[in-house]
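Quick notes on the structure that follows.
The values are calculated or read from the model by the stated rules, or taken from the named source; none is laboratory data. Quick caveat, the model's predicted, so the values are computed rather than measured. Reconstructed Cβ throughout: ideal geometry from the backbone, glycine too, with neighbour counts over all protein chains shown.
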């Protein structure tokens, strides 16, 4: 069943099959033994949205998110947001999709309008949406995802439409820019770019005027799965469901030809042939992924010395140093991929594997179902890019400083591992790192990174709660919460913000609602430093107890006994979920011996 779901729900997918079998696919997804994040999602539509909602649910379930929906009545998106709505108030959405399109434009330009009239219409149209967004933000503090506007099927003024201010093209471009400007200036607001999506699909396939008049579908029924999948990319990114590592084959994947047979000088990469240029373009794309924080690794059946020589080719865009892990040998690729995950210290479900060979792809699918292995066409190099982008593996809603330096951070980790092997004891290793931590209450400058860390951390995550940026903004300003972030640096470099604790104050007790830490700093005693600061602040605030919770998942077993290690007493066990309590009145033990706390890390 898992293989079937991976096949039908991975891009490129069969839209007709998804539309026809959506109910049975939903049943299969719900029958999976999976831990879901539950989210309340409102869809405020300017057209018929039920089928979009149904496919949205399927793709969300596939991503590990179980939605509960509120769906507005047909074309009631403005009324539901601008006026009192008891039903929506009771629902309290965490995410709101405003699904509108050009069919919802009220103020359309005509060629008879003056330029001043066009500008007034444009401002009036935009202000309608500003009212929607402002009301939704004020009432629900929810994440808002707004469609921008696609182009119409027809251009009344033909080519002239794109150059005069009375043209529809000008009007839509300006309105979309106003939407984008609002997104740049407002947190928790994201654009669902149907302008690009419609162009990618093709306007002739995007629009179906008969279906609109008959059923009020704003988009062609046949492309609804693509639209829903594109919407889910944003949600996955918000809640840390995107991937971290791109694992690449070499021969006929990063260059043309088998390097062991033809030699470095004869591989297809460069500007001599169309095929060679296509590989250059794919390498350029991969390098851009690396620059914004995607980890790169190689998994190739090859002699190591011969494989690495490929990156010495004068036209190769990628260099050996761009890869965090390089596996070129003759053992099965599934074993190599497992070793890569262990060496980098990430989960298999954080990895995407691209290989031109269908037999190798199937081996990894069969033996490592957690790894994403998209279907690609070895005769079409650009299918590699389409597969990565179509599945939204590395979709981002923001780019943090930690993203930009992620590859450098993993290389620093490799230096730490090398140092550890040289020293006689682990304590000597920790002492030699010369670690400094900054552990303080949440600061606005770190909100994006805090949200990212919360939603991406799976191993060191005690309660598995997920929060949006709006949630963190609210918590940081609420006196009933105690918050801590932790930054760590050592002699090899700055690890950045790596741990977050949120504690809820309940009379004389502090309850740890959330505690996460990056897997990059596991076994460096950062958790001990965080606990020491938490205990100290709780004692100063007059709390008598700290209560901690552990909710088991398939990935967080590493922290199942952590509270016990800190001297907490077990007070309740429900299955494998546990509740722990620490009496602060008699607590004077220091946990951390190797990290200096209180010295600001470099920003």
- In the range 328-349, residue modelled with the lowest pLDDT [restricted to those that are within 20 Å of residue 409 (Cα to Cα) and in contact with a helix residue (DSSP H, G or I) (Cβ under 8 Å, 6 or more places away or on another chain)]: 345
- Item | Residues located in the range 342-357, provided they are in contact with a strand residue (DSSP E or B) (Cβ under 7 Å, 6 or more places away or on another chain) and either on the phi > 0 side of the Ramachandran plot or without any contact (Cβ under 8 Å) to a residue 60 or more places away in the chain (or both) | 343
- Query: Can you name the residue in the range 266-292 that is free of Cβ contacts under 8 Å to residues at least 24 places away in the same chain and in a helix (DSSP H, G or I) and is also farthest from residue 331 (Cα to Cα) among such residues?
  - Reply: 274
- With respect to residue 124, determine if the residue is outside the structural domain of residue 469 (by TED's automatic domain parsing), within 24 Å of residue 185 (Cβ to Cβ), in a helix (DSSP H, G or I) and at pLDDT 95 or above. yes
- All positions within the range 82-126 that are farther than 25 Å from residue 156 by Cα and loosely packed, with under 12 Cβ neighbours inside 10 Å: 83, 84, 86, 87, 89, 90
- For the range 68-81, which residues satisfy the criterion of being touching a residue at least 40 places away in the same chain (Cβ under 8 Å), surrounded by 19 or more Cβ atoms within 10 Å (Cβ to Cβ) and closer than 22 Å to residue 214 by Cα? 77
- If only one of 451, 500 is surrounded by 18 or more Cβ atoms within 10 Å (Cβ to Cβ) and in a strand (DSSP E or B), which one is it? 500
- Scan 370, 339 and give me the residue that is in a loop (DSSP other than H, G, I, E, B) and within 18 Å of residue 245 (Cα to Cα). 370
- Look at residue 597 and say whether it is under 29 Å from residue 35 (Cβ atoms) and in contact (Cβ under 8 Å) with a residue 24 or more places away in the chain. no
- Message: Can you find a residue that is over 23 Å from residue 9 (Cβ atoms) and touching a helix residue (DSSP H, G or I) at 6+ places or on another chain (Cβ under 9 Å) anywhere in the range 218-230?
- Response: yes
- Can you find a residue in the range 201-209 that is out of contact with any strand residue (DSSP E or B) (no Cβ under 6 Å at 6 or more places or on another chain), part of a helix (DSSP H, G or I), in contact (Cβ under 8 Å) with a residue 24 or more places away in the chain and crowded, with 23+ Cβ neighbours inside 10 Å? yes
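Yes/no matrix, rows are residues, columns are (1) touching a residue at least 24 places away in the same chain (Cβ under 8 Å); (2) under 26 Å from residue 372 (Cβ atoms); (3) part of a strand (DSSP E or B); (4) not assigned by TED's automatic domain parsing to the domain that holds residue 62:
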{"residue": "197", "(1), (2), (3), (4)": "yes, yes, no, no"}
{"residue": "211", "(1), (2), (3), (4)": "no, no, no, no"}
{"residue": "218", "(1), (2), (3), (4)": "yes, no, no, no"}
{"residue": "234", "(1), (2), (3), (4)": "yes, yes, no, no"}
- Item | From the options 164, 172, 145, residue that is modelled with pLDDT of 95 or more and not in a helix (DSSP H, G or I) | 145
- Query: For the range 491-504, does any single residue satisfy the condition of being farther than 30 Å from residue 408 by Cα, assigned by TED's automatic domain parsing to the domain that holds residue 447 and in contact (Cβ under 8 Å) with a residue 12 or more places away in the chain?
  - Reply: yes
- Message: Based on this model, can you work out whether residue 158 counts as surrounded by fewer than 21 Cβ atoms within 10 Å (Cβ to Cβ), modelled with pLDDT under 95 and under 21 Å from residue 235 (Cα atoms)?
- Response: no
- Task: Looking only at the range 3-21, decide whether some residue is surrounded by 20 or more Cβ atoms within 10 Å (Cβ to Cβ), assigned by TED's automatic domain parsing to the domain that holds residue 102, more than 21 Å from residue 389 (Cβ to Cβ) and out of contact with any strand residue (DSSP E or B) (no Cβ under 7 Å at 6 or more places or on another chain).
- Result: no
- Go through 602, 592 for me and flag whichever is buried (at least 18 other Cβ atoms within 10 Å of the Cβ), within 22 Å of residue 485 (Cα to Cα) and at pLDDT below 95. 592
- Task: Restrict the check to the range 131-150 and report whether at least one residue is without any contact (Cβ under 8 Å) to a residue 12 or more places away in the chain, surrounded by fewer than 20 Cβ atoms within 10 Å (Cβ to Cβ) and closer than 23 Å to residue 82 by Cβ.
- Result: yes
- Considering residues that are under 23 Å from residue 284 (Cβ atoms), touching a residue at least 40 places away in the same chain (Cβ under 8 Å) and surrounded by 15 or more Cβ atoms within 10 Å (Cβ to Cβ), the number found within the range 305-321 is 7
- Message: outside any helix (DSSP H, G or I), in contact with a helix residue (DSSP H, G or I) (Cβ under 8 Å, 6 or more places away or on another chain) and crowded, with 18+ Cβ neighbours inside 10 Å: which single residue out of 396, 376, 364 fits that description?
- Response: 376
- Within the range 513-526, the residues that are closer than 21 Å to residue 541 by Cβ and either buried (at least 24 other Cβ atoms within 10 Å of the Cβ) or not assigned by TED's automatic domain parsing to the domain that holds residue 438 (or both) are 515
- Message: in contact with a helix residue (DSSP H, G or I) (Cβ under 8 Å, 6 or more places away or on another chain) and either at pLDDT 95 or above or part of a helix (DSSP H, G or I) (or both): is that true of residue 316 in this structure?
- Response: yes
